[in-house]
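This report refers to the structure that appears directly beneath it.
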């Protein structure tokens, strides 16, 4: 957890502002929206919130195992690096839309990057 | 040390431990995932006592109001009696049928007398017990301020439906049965007076909408209220004249009865949800209520979200079919 980053971005209020924007971008992105098909939207939004909190350096208790197990069925379905990249891209675009400074966006992308191998089951 | 009552047992919650950790110690935890109050997997409900507000962070206001909370971030401040979210659907109150009429050949309007202390918010649903084993969920169409201690339901006859068939063929005025407490978060929020509301229903999904619209008006809602009621055939639309009269009387109510197949005088052609989205493209800041056919609800939820409605402000009541 990186308190400094989380507070700089705007803490929980920033996460709440980001969730809807980020989730909308993901649903509209034809590279990755098929992985979100059929999932209950409320449940998915809650997971997005958890992911964003983690990416912003906020408090979370995700383990590598959680990320691995949570995405295993998607990996079977073809989830790969290009999809992970697309998600991080949408994350960056969301933060830009919220007026977050570029250097902070870079830090958020770096945090997200640390989950790549667990998410993709590598 | 707070005492936690859960499923007939009492547990001691240690200082500094979350309610989830406590239940885990006693080997009866609910499912959980993020352990941080974010994913809502561990959602439970507090039946007696008060959950600390920090354990309700992020939940929809309707759920907060009913005592739902997240045990993984809950440090109990007093004794609590808790339950899993779906454990509340047990027989709870008596209801006596006082009127059974037909709204359409296949949709019945039932009005039950209940005790004064039966509390509900228009738009919620309850489980009606045909007998001890067989129960179905129906949305409430009445409004306490208008209907007093009378509960109204709109029940559609489903071919081969155990309960709906019994409702049509057997259930008679004077019969008494049991209902559960009122559940659900699909209701009008008084602090949204200035917002535009969009309410879309198919078939008997109009029941909760009818309650929510009248509740909003009763609470002097200031913003525009747009109601779309859709069906495939004219005989599945009902309360059309009542709604037209309501829209006449209230400047901020706009009513659209829709027929998805052929247009008929006075009824708009097209699916209710498609017409609604075509007529209102930018829904940022709106609150939306979706009730009825599960496919309509699911598809429209996504469409209104993409049109700018916040997840928090989408209230849905899909009428799933029982096996």
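List of remarks:
- Among the residues of region B:13-33, those that are within 31 Å of the chain's Cα centre (by Cα) and assigned to a loop (DSSP other than H, G, I, E, B) comprise B:18, B:28, B:29, B:30, B:31, B:32, B:33.
- Meeting the requirement of 2 or more residues that are within 11 Å of chain B (Cβ to nearest Cβ), the helices (runs of 4 or more DSSP H) wholly within region A:20-107 are A:41-55, A:64-76.
- Scanning region B:47-57 for residues that are in contact with a helix residue (DSSP H, G or I) (Cβ under 7 Å, 6 or more places away or on another chain) and surrounded by 18 or more Cβ atoms within 10 Å (Cβ to Cβ) turns up B:55, B:56.
- Of the residues B:2, B:29, B:15, the single one that is away from every other protein chain (no Cβ under 14 Å), at pLDDT below 95 and surrounded by fewer than 14 Cβ atoms within 10 Å (Cβ to Cβ) is B:15.
- Listed conditions (1) outside any helix (DSSP H, G or I); (2) touching a helix residue (DSSP H, G or I) at 6+ places or on another chain (Cβ under 7 Å); (3) more than 10 Å from chain A (Cβ to nearest Cβ) are all met by residue B:36, apart from (3).
- Selection count where residues are under 29 Å from residue B:288 (Cα atoms) and touching a residue at least 40 places away in the same chain (Cβ under 8 Å), scope region B:48-64: 4
- Check on residue A:40, over 16 Å from the mean Cα position of the chain (by Cα) and at pLDDT 90 or above: no
- Listed conditions (1) more than 14 Å from chain A (Cβ to nearest Cβ); (2) over 24 Å from residue A:42 (Cβ atoms); (3) not in a strand (DSSP E or B) are all met by residue B:10, apart from (3).
- Residue match in region B:257-273 (condition: on the phi > 0 side of the Ramachandran plot, modelled with pLDDT of 95 or more and either surrounded by fewer than 17 Cβ atoms within 10 Å (Cβ to Cβ) or not in a strand (DSSP E or B) (or both)): no
- Residues satisfying the stated conditions in region B:61-93, i.e. closer than 23 Å to residue A:61 by Cβ, within 14 Å of chain A (Cβ to nearest Cβ) and under 23 Å from the mean Cα position of the chain (by Cα): B:63, B:68, B:70, B:85
This table checks each residue for (1) at pLDDT below 95; (2) closer than 18 Å to residue A:49 by Cα; (3) surrounded by fewer than 18 Cβ atoms within 10 Å (Cβ to Cβ).
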residue: A:79; (1), (2), (3): no, no, no
residue: A:89; (1), (2), (3): no, yes, yes
residue: A:93; (1), (2), (3): no, yes, yes
residue: A:108; (1), (2), (3): yes, yes, no
residue: A:115; (1), (2), (3): yes, yes, no
residue: A:119; (1), (2), (3): yes, yes, no
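The values are calculated or read from the model by the stated rules, or taken from the named source; none is laboratory data. A quick note: this is a predicted structure, and the numbers were derived from the prediction, not measured. As a convention, Cβ positions derive from the backbone with ideal geometry for all residues, glycine included, and neighbour counts pool all protein chains shown.
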